[in-house]
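Participant: I have a structure here, written as structure tokens, and I will follow up with some questions on it.
Bear in mind these aren't lab numbers, they're just calculated from the coordinates by the rules spelled out. Since the model is a prediction, treat every value here as computed from it, not as a measurement. Cβ atoms come from the backbone with ideal geometry, glycine included; neighbour counts cover every protein chain shown.
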Amino acid sequence: MKVSFFVGIDTSNYTTSVAVAKSSSEGVSVIANLKKPLDVAEGQRGLRQSDAVFEHTRNLPELLEKAGEIISGSAPAAVGYSFAPRDADGSYMPCFLPGKAAAYAMASGCGAGLYAFSHQAGHIRAALHSSGMDPAPGERFIAFHLSGGTTEVLSVVRSGGGFQIDRLGGTLDISCGQAVDRIGVMLGMRFPAGAEMEKEALGSGGSLKDRPPVRVKGADCNLSGLENMARKMKEDGMDRGYISAFTIDFIGRTVEKMTDYARKRFPDANIVYSGGVMSNSLIKERLRSNKSFFAEPEYSSDNAAGTALLAAGAWFADGNEERARREGHQL
């Protein structure tokens, strides 16, 4: 019985990621999910694209070397990479170019298949893998992608080796992750601020007196006002534990209301939540229901596992399925 390996590469704005998936008689599994955060100076709220490109170029050799050790010198059957943030015309960020270059070099050097996917599709695939949600081909499900750069509600249908993705709504100004990071840095936290803000909120102990209405219409939301409210609280002497709890509560109620809209529009559809914001246990607890699925934190934050799994799916769909079955793979 032959084993096939698939490598995924993702170079998002804040994490260099390389993953390896393996296909065998037991099915397809992720055997390595390697990551290296990009360095952001204390007090800064992000990175310039030129700095992100430099950081990825510096990080990729180390991660690719580790991936090579894991597959013991075997050549991957296919390599997948993230080419852009989203599956939409005009979606582009220079930070994805180092990953593309590395994927092209690896695939051409060993004769592997080469496949490009959006960063968003990778998030969705990783969330499905981690959460145990397994939609059938052609089955519609709802995906929330909530991260530092994106807050979107998506209608998704599994198709071939990938997805057909249609946007239902999302933020009309800043993303959930931007709100968390901006407020966190304002409170003296280091970027990215999500984990520290959650810790502060969990330790705050008191109940919230301030719960202003969220700004949601259909599947669209506005979040820029949250930063102004948090700044006013800081000026009024509120401690950062309370402000952190307020911030997370506001974002949680916003996503909850967007979820309500999605459920009314597609009452039979399962919902999967992905993106770094969904690593937050307080937001996750608010959204739990019998049709909600959540990725584990390592598959919710930026990763290349979803891209490796998508590469495997595309390779099987691209005329290799019969060959794989002959070799004993469980698809």
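Participant: So what's the projected area for segment 26-147, the Cα convex hull averaged over all directions, in nm²? If you can, show how the numbers build up before the last one.
Facilitator: Working: hull surface 39.3 nm².
Approximately 9.8 nm², given one-decimal rounding.
Participant: Shifting gears a bit: Go ahead and run the numbers for FRET between Glu139 and Ala41, Cβ-Cβ distance against an R0 of 41 Å, rounding to 0.05.
Facilitator: On the way: r = 45 Å, r/R0 = 1.10.
Working from the Cβ atoms, E equals 0.35.
Participant: How many nm separate the modelled label positions at Ser50 and Lys291, each set 7 Å beyond the Cα in the direction of the Cβ?
Facilitator: Computed distance between label sites Ser50 and Lys291 equals 4.9 nm.
Participant: In addition: Over 25 Å between Cα atoms: which of Lys66/Lys199; Lys209/Lys257; Lys209/Lys284 fall into that group? Write out the running numbers ahead of the final one.
Facilitator: Details: Lys66/Lys199 32 Å; Lys209/Lys257 20 Å; Lys209/Lys284 22 Å.
Among Lys66/Lys199; Lys209/Lys257; Lys209/Lys284, the Cα-Cα distance tops 25 Å for Lys66/Lys199.
Participant: Once phi is turned into ³J(HN,Hα) by the Karplus curve 6.51 cos²θ - 1.76 cosθ + 1.60 with θ = phi - 60°, what whole-Hz value does each residue of segment 124-134 show in order, with x for glycine and proline?
Facilitator: 5, 5, 5, 5, 4, 4, 6, 7, x, 6, 9
Participant: Take the alpha carbon gyration tensor of segment 34-88, find the square roots of its eigenvalues, order them as a ≥ b ≥ c, and report rounded if a/c is under 1.5; if not, report prolate when a/b exceeds b/c, else oblate.
Facilitator: Numbers: a/c = 3.22, a/b = 1.62, b/c = 1.98.
Here segment 34-88 falls in the oblate category.
Participant: Here's something else I'd like to know. So how do 301-313, 87-99 stack up, highest first, on mean other-Cβ count within 10 Å? Could you put the intermediate results ahead of the total?
Facilitator: On the way: 301-313: 30.8, 87-99: 17.1.
Answer by packing, highest mean first, reads 301-313, 87-99.
Participant: Next up: What is the set of long-range amide H partners of Gly161 at a cut-off below 5 Å, with H atoms built 1.01 Å from backbone N?
Facilitator: Distant-sequence amide H within range of Gly161: zero hits.
Participant: For the Cα atoms of the chain, what angle does the longest principal axis make with the long axis of helix 49-70, in degrees from 0 to 90, nearest 10?
Facilitator: Between the helix axis and the principal axis of the chain, the angle is about 50 degrees.
Participant: Related question: What's the FRET efficiency of Cys110 with Glu62 using the Cβ-Cβ distance as r and R₀ = 25 Å, to the nearest 0.05?
Facilitator: Values: r = 19 Å, r/R0 = 0.78.
The value I calculate is 0.80.
Participant: Multiplying the sequence separation of Leu172 and Glu235 by 0.36 nm and subtracting their Cα-Cα distance, what value in nm do you get? Don't skip to the end; give the middle numbers.
Facilitator: Values: separation 63, 0.36 × 63 = 22.68 nm, distance 2.67 nm.
Here the segment from Leu172 to Glu235 would lengthen by 20.0 nm.
Participant: For the chain, would you read off the P(r) tail past 27 Å as a percentage of all alpha carbon pairs? Please list the in-between numbers first.
Facilitator: Numbers: 24237 of 54615 pairs.
Distances greater than 27 Å cover 44 percent of the Cα pairs.
Participant: So for Lys264, Lys234, Lys284, Lys199, fewest C-beta neighbours within 10 Å to most, what's the order?
Facilitator: On the way: Lys264 9, Lys234 16, Lys284 19, Lys199 13.
Result, fewest neighbours first: Lys264, Lys199, Lys234, Lys284.
Participant: Averaging sequence separations of C-alpha pairs under 8 Å and six or more residues apart, then dividing by the length of segment 1-108, give the relative contact order as a whole percent. Write down the numbers at each step before the final one.
Facilitator: Details: 179 pairs, mean separation 34.6, N = 108.
Rounded, it is 32 percent for segment 1-108.
Participant: Out of all DSSP beta bridges in the chain, what portion is antiparallel? Express it as a percent rounded to 5. It would help to have the intermediate numbers written out before the result.
Facilitator: Working: 36 of 54 bridges.
Around 65 percent antiparallel, to the nearest 5.
Participant: What does the convex hull of the Cα atoms come to per residue for segment 169-297, in Å³?
Facilitator: Values: hull volume 13.3 nm³, N = 129.
So the per-residue Cα hull volume is 103 Å³.
Participant: To continue, here is another question. Could you derive backbone 3J(HN,Hα) for segment 243-259 from the dihedral phi with the Karplus parameters 6.51, -1.76 and 1.60 (θ = phi - 60°), listing whole Hz in sequence and x where the residue is Gly or Pro?
Facilitator: Working through the residues one at a time gives 5, 5, 4, 4, 4, 5, 4, 5, 5, x, 5, 5, 5, 4, 5, 5, 5 Hz.
Participant: Now a separate question. Mean separation of Cα pairs under 8 Å and 6+ residues apart, divided by the residue count of the chain: what relative contact order is that in percent? Each step should come with its number before you reach the end.
Facilitator: Working: 719 pairs, mean separation 85.2, N = 331.
Relative contact order comes out at 26 percent.
Participant: Where does each of 75-84, 287-296 land if you order them by average Cβ count within 10 Å, highest first?
Facilitator: Packing order, densest peptide first, comes out as 75-84, 287-296.
Participant: In nm, what is the difference between 0.36 nm times the number of residues separating Arg265 and Asp89 and their Cα-Cα distance? Could you put the intermediate results ahead of the total?
Facilitator: Numbers: separation 176, 0.36 × 176 = 63.36 nm, distance 2.54 nm.
Full extension from Arg265 to Asp89 adds 60.8 nm.
Participant: Which value in deg cm²/dmol, rounded to the nearest 500, describes the helix-derived mean residue ellipticity at 222 nm for the chain, given -39,500 (n - 2.57) per DSSP H run of n ≥ 4 and division by the residue count? Present the calculation step by step, with values, prior to reporting the outcome.
Facilitator: On the way: 11 runs with 135 residues, N = 331.
After summing the helix terms and dividing by the residues of the chain, the value is -12500 deg cm²/dmol.
Participant: Can you run phi through the Karplus equation (6.51, -1.76, 1.60; θ = phi - 60°) for segment 28-37 and list ³J(HN,Hα) in whole Hz, with x for Gly and Pro?
Facilitator: With coefficients 6.51, -1.76 and 1.60, one gets 9, 9, 8, 10, 8, 9, 9, 9, 9, x Hz.
Participant: Can you give the direction-averaged projected area of the convex hull of the alpha-carbon atoms in segment 256-325, in nm²? Please report the intermediate quantities before stating the final value.
Facilitator: On the way: hull surface 26.1 nm².
Mean projected area of the Cα convex hull: 6.5 nm².
Participant: While we're here: Hey, any idea what the orientation-averaged projected area of the convex hull of segment 64-116's Cα atoms comes to, in nm²?
Facilitator: 4.0
Participant: If you average 1/r over all unlike Cα pairs in segment 175-215 and invert the result, what Kirkwood radius do you get in angstrom?
Facilitator: Numbers: mean 1/r = 0.0893 Å⁻¹.
With all distinct Cα pairs of segment 175-215 included, I get 11.2 Å.
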